[in-house]
Amino acid sequence: MQIADIIRQLSIQALKAVFDIDATPESLTINETKPEFTGDYTLVLFPFVKQARKSPDALGASIGEWMQANAPEIISGFETVKGFLNLSVSNQYWVIFLQQQGGEHFGMAAPHGKKVMVEYSSPNTNKPLHLGHLRNNFLGWSVAEIYKANGYNVMKTCVVNDRGIHICKSMLAWQKFGNGATPATTQTKGDHLVGDYYVKFENELRSQSEPVLHELLEGRDVAGMDEAALQKAKLLVAKLSDGQLPDDKQSEIRDELKDMARNATPIMHEVRDMLRKWEQGDPETMALWKMMNGWVYDGFDVTYKRIGSNFDKIYYESETYLEGKQYVDEGLNRGVFFRKEDGSVWIDLSGEGLDEKLVLRKDGTSVYITQDIGLAKHKYADFPMEQSVYVIGDEQNYHMNVLKHICKKLDMPFADGIHHLSYGMVDLPTGRMKSREGTVVDADDLCDEMEKVAADKTAELGKVEGFTEAELKVLYHTLGMGALKFYLLRVDPKKRMVFNPEESIDFHGFTGPFVQYTYARIQSVLKKAGYTKETDKDLTEAGLLPLEREQIKLLEQFPGMVKQACTEMSPSVIAHYAFQVAKAFNSFYAEHSIAKAESEEKRTLRLEISYLTGVVIRNAMKLLGIAVPERM
RNA sequence: GGUCCGGUAGCUCAGCUGGAUAGAGCAACUGCCUUCUAAGCAGUAGGUCCUAGGUUCGAAUCCUAGCCGGAUCACCA
C-alpha cells in the first residue's frame, strides 16, 4: 500500500478512536505538505471541526498524538497549522521502503487476467502517415503499456482503412499518369508514392471542376449531371444572383455548387466506376488495388518500425465492412431499430440525448456506423475483453457515442467497456495542417529531422567520443524519438495542441532528452561507484536530509501514478511525473556527493536512491514508449 | 440553433473528486564546470486563473448566465 493510503487509513482510525467519527476514505483530503511547512503529508481538518466540536488546533493535536502513539514506525511527528495537520513520515519508513520495495519491476502490477483491447493508428492506404497519426500512435502504444503495467492482458489492434473511394483515387491517378512507376523504379517509399498519386488525382479534379463550375454558374447544362441535380444547381445559382443573401449563406451555396461541380467531372465518374468494379471483384481492379496497397504496407512497415509501433492483430476494412449488416436484422427483430417507408433502417437515440441515426441505407448497403458495430462484435469474438479502448480523434466524439449506445441497446457484453480515448488535433503555430496548402508535417520527414538534431546537438557538446558509429546511430534514434514522443505525450490527450517545430527539438527542460540525460547520468554514477544492491545494511540511523527524503517520497508515488494514468487514460500523467523525478534527482545530485558521501551509510543510501530513481525513470519512460540510453 | 470540448505568466502546458502565498518548461536577466556527465544546478522577473453572479469556513477547481475559440449534428468514412 502507498503511504498516502496508509495515512488515509490511520486518519480514519484516529477519528473513530478519538472522536467516534465515522469517516469514509473519500471524505478525507490528504495532500502533500507544502514545502514551506515541515511534514510530508497533510490532513485537512476543517471537514471534521464541527463534528468533533473542537478547535482545528485541538483536533489536529489529538489526531496527531493518536497516530504517533499507535503507528510510531510510520508517523514520527506532526504540526498543526491553521486547520492543517502536517504529518512527518518516519525515516525508518522511507528507508525500509527504499531497501525493500524497490526492484527492476517497481511500479508494475502483477497480472490479474482482465483483458483490454486497444485500437489505434487506423491509417488510410492512400496517404503516408503524418504528425496527427504520430500523436495517435504514441497515445495508443502508451495506453497499452499503461494497461499492461496495471496488470491487464492487452491486445493491440489496428484497423486499416483500405477500401473506398479515396483509395480508388490514388489507383485511378496511377493508371492515368503513372506510366508504370513503382517504388523500385522511382526510388520512392511506397506510401509516399501512392500518396503522390492521390495528390495528382486531386489536382486533376480541381482543374476539371473549374470549367464545370463556370458552366453551372452561367446556368448552362452540364454533361454527366442528372436532371434532379441540374435543377437543384439552377435553383442555387438563382438564389446567388439574387444578391439578397448574407455573406456566410452565399459562401455556403458556393461550396455546395463547388461540390456538385466536382462530382460532375469526368474523373469523378471514372473513379466511381472503379469503386463499383472493386466492389464487384473485377480481377484487374483487384490486382491493381492489391499491388498498390502492398506498396503502402511496405512503406508503413518502415515507419512503424522506426517509431517503435506494432500490433498484435490487424483488421482490414475490406474484409470486415460487410459484417455489420447481420446485426441490423437482429436489431430490427428486437425492436431496437425501425424501418422507414423508403426501406432505410434507423435507431432512435433521442432518449439518450442524441438524434435518430441511420444504420442501413434504403438500398440496403451499410454505413460507417454499421461497419463499426460489426467490427466491434468481430473483435469481441476474437478476444473477449472487458474493456475496449478506441484511440480516435475528437471529431468522432459523436460517432463513438452513438456506437456505444447502439452496442448497449443490442445488449452486447462489451458495450459498457467501450472507451473512446479522444484526442485533439495537432496544430502548427501558423494554424491547422492543411494538405491543400502543403502544411502537413510528414511522419518520416519529422523523424529524420529529429534524429538529425540529436546528432548535431551531440556533436556540438562533444559527446561522441567512445561511441562506435553503430552506437551513435542508435543513440540519435533514441534521443530523437524520445524528444518527439515526449513532446506529443506530455499534453493532456483530449486537448488540442500546438506543435512548434523549434520547441519540439529543444533538448532542455521539460523534454524527453532531459529525462534520458538524467538516466544516463545515474547509470554513470552507479557504474563508477561499483553499485550493488544492499538490502541488509541498516540505514535507518543515518538520517535523511531534505533532498534525500524528497527524492524517496517522489519515488514512492510511482505505483500510484501508474494507476492514475490508467484510470485517466492519460500518458501525460506519466510524462509529468517522470520529469519531476528527473528534475528532483538533478537537484539532489548537484547538492550532495553520492560516491564520495560523508559516511559509508550515506554513500549506500544515496546509491540506493540513485538506483531506484533510475528504475523509476526507465519504467516510466517505457510506459511512454521511450527508451533510455545507458550513456549520452 | 442543439450537443460536446477548451479559455491559467509573452509562448507551450500542469493544477480542476473544493484547501495554506496558483506551478513547471521555453524565452529574458544573474550566478555556478581542477570534485560522481553543465543535455545540468541555484536564483531574479513575469498572473484581472475569460467575464459577472451564486454556493461556503474556504473557489482556478462546484452551480448559473454570458463572451471567445474549436469540434460535431451526412443515405461520406
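The values are calculated or read from the model by the stated rules, or taken from the named source; none is laboratory data. Computed from a predicted model, the values in this text were never measured in an experiment. Note that each Cβ is placed from the backbone with ideal geometry, even for glycine, and that neighbours are counted across all protein chains shown. These area figures cover heavy atoms from the full protein model, side chains too; ligands, DNA and RNA do not enter into them. Shrake-Rupley method; radii C 1.70, N 1.55, O 1.52, S 1.80 Å.
Quick notes on this structure:
- Some residue of the stretch A:403-415 being surrounded by 18 or more Cβ atoms within 10 Å (Cβ to Cβ) and within 19 Å of the chain's Cα centre (by Cα): no
- Qualifying positions in the stretch A:203-221 - of a type in the set (D, E, K, R) and buried (at least 16 other Cβ atoms within 10 Å of the Cβ): A:E204, A:E215
- Count of the stretch A:159-173 residues, restricted to those that are within 27 Å of the chain's Cα centre (by Cα), charged (D, E, K, R) and open to solvent by 10 Å² or more (accessible area, probe 1.4 Å), is 1.
- Test set (1) within 19 Å of A:T285 (Cα to Cα); (2) touching a residue at least 40 places away in the same chain (Cβ under 8 Å); (3) open to solvent by 50 Å² or more (accessible area, probe 1.4 Å) - A:K114 fails condition number: (1)
- Every residue from the stretch A:128-149 that is in a loop (DSSP other than H, G, I, E, B) and either surrounded by fewer than 22 Cβ atoms within 10 Å (Cβ to Cβ) or among the aliphatic types (A, V, I, L, M) (or both): A:L129
- Criterion (buried (at least 16 other Cβ atoms within 10 Å of the Cβ) and of a type in the set (D, E, K, R)) met by exactly one of A:K156, A:K234, A:K176: A:K156
- Selection within the stretch A:581-594 - more than 6 Å from RNA strand B (Cβ to nearest atom) and loosely packed, with under 15 Cβ neighbours inside 10 Å: A:E591
- Checked against (1) of a type in the set (S, T, Y); (2) within 15 Å of RNA strand B (Cβ to nearest atom); (3) surrounded by 17 or more Cβ atoms within 10 Å (Cβ to Cβ); (4) not in a strand (DSSP E or B), A:S88 passes all but condition (4).
- Scope the stretch A:7-42; condition open to solvent by 80 Å² or more (accessible area, probe 1.4 Å) and within 10 Å of RNA strand B (Cβ to nearest atom); matching residues: A:E26, A:E32, A:K34, A:P35, A:E36, A:F37, A:T38
- Lone qualifier among A:F499, A:F486, A:F514 - being within 6 Å of RNA strand B (Cβ to nearest atom), in the same structural domain as A:N586 (by TED's automatic domain parsing) and touching a residue at least 24 places away in the same chain (Cβ under 8 Å): A:F514
- Among the residues of the stretch A:550-568, some residue qualifies, meaning at least one is near RNA strand B (Cβ under 9 Å from one of its atoms) and open to solvent by 60 Å² or more (accessible area, probe 1.4 Å).
- Candidate set: the stretch A:423-444, residues that are open to solvent by 20 Å² or more (accessible area, probe 1.4 Å) and closer than 21 Å to A:W141 by Cα; chosen: the one farthest from RNA strand B (Cβ to nearest atom): A:D442
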